[in-house]
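Visitor: Dumping the structure here so I can ask a few things about it.
Nothing in this text is a laboratory measurement; each read-out follows from the coordinates by a stated rule. Keep in mind that this is a model prediction, so the values were computed, not measured. We place every Cβ from the backbone using ideal geometry, glycine too, and count neighbours over all the protein chains shown.
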Amino acid sequence: MGDLLSDRFRVIAPTLPDHEINARQSPSPMKTEDMAQAVEQAISERDWPIRLAAHSFGSNVALAIALGGRVAIERLVMFEPVTVKILPIAGEDAAFAAAKSVFDSYVERYRLGEPRAVETMIEFWFGPGGFDRMPAPVQDYLIERTEVNVRDVESNFGEQYTPEVLPNLRVPTTIVLGGASPAITGTIANAMAGALGNASTEIIDGATRAMLVTHPENVAAVITTPK
């Protein structure tokens, strides 16, 4: 992805805390705001406005950075954010309850030692059979790092959003979803667009949550196009 952007931008791509550890290491007990502060350290010393783009749970972290207001952001782009705690604010209580049930089951399966527990999470975001459609090395990677993902899931459900704060975020924001993604992705995107003060949604036709791999040119076009 960086090679599609580097001719127009200086690309800084920090790794979220503990996402680089191996399967034998345990992640630090961090909340979303802790991860946001860690990423801020990598970008806050820049003296130019930042176009902040993030994917999936990284979008939650990017939103926390934007809401913190300590970094000069000219535009925020979130690709399929997993901000499930925005759903009750938008009146989507049934969708939130359904998501929480799925992820509670996922965490329980992991705590019970089921090796393919992460399959539950993947199929929620990619649809039935999503895990089996992934290449074997990707499956192995996800299984080996399930503990980090569980940490992120628990951080996700611990996030707190309020209808008083969200509309005050005036940073131009684009929320991107794949046209072939499950309906919950659009529900979250629309809830987020309605809650924020200056946000819109955009669809990449035929894409799923794997859009950074399957539709890199479309992803780059969204990031580079002024809004």
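Visitor: Under a point spin-label approximation (7 Å from Cα along Cα-to-Cβ), what is the T214-A183 distance to one decimal in nm?
Guide: 2.0
Visitor: For Cα pairs less than 8 Å apart in space and 6+ apart in sequence, what is the mean separation divided by the residue count of the chain, i.e. the relative contact order in percent?
Guide: 23
Visitor: Here are several values of Cα extents along the principal axes in Å: (i) 41, 38, 37; (ii) 50, 41, 37; (iii) 47, 39, 36. Which one was derived from the coordinates shown?
Guide: Computed from these coordinates, Cα extents along the principal axes in Å corresponds to label (iii).
Visitor: Based on DSSP, what percent of beta bridges with both residues in the chain are antiparallel, to the nearest 5?
Guide: Here the share of antiparallel DSSP bridges comes out near 0 percent.
Visitor: How would you order 60-66, 168-174, 126-132, 158-164 from highest to lowest mean count of nearby Cβ atoms within 10 Å?
Guide: So the order, starting with the most tightly packed, is 60-66, 168-174, 126-132, 158-164.
Visitor: Which one, R209, R109, R133, has the greatest fluctuation when you compute a Gaussian network model over the chain with C-alpha springs under 10 angstrom?
Guide: Sorting by GNM fluctuation, first place goes to R133.
Visitor: Ok, one more. For a quick check: with amide H placed at 1.01 Å from N, whose amide H comes under 5 Å from T201's, ignoring anything fewer than 5 positions away on the same chain?
Guide: I175
Visitor: Extension gain V102-R170, at 0.36 nm per residue separation less the Cα-Cα distance, in nm?
Guide: So the chain would gain 21.2 nm between V102 and R170.
Visitor: Do the sum for the chain: with -39,500 (n - 2.57) for every DSSP H run of n ≥ 4, divided by all residues, what is the mean residue ellipticity at 222 nm, to the nearest 500 deg cm²/dmol?
Guide: -13000 deg cm²/dmol, from helical runs alone.
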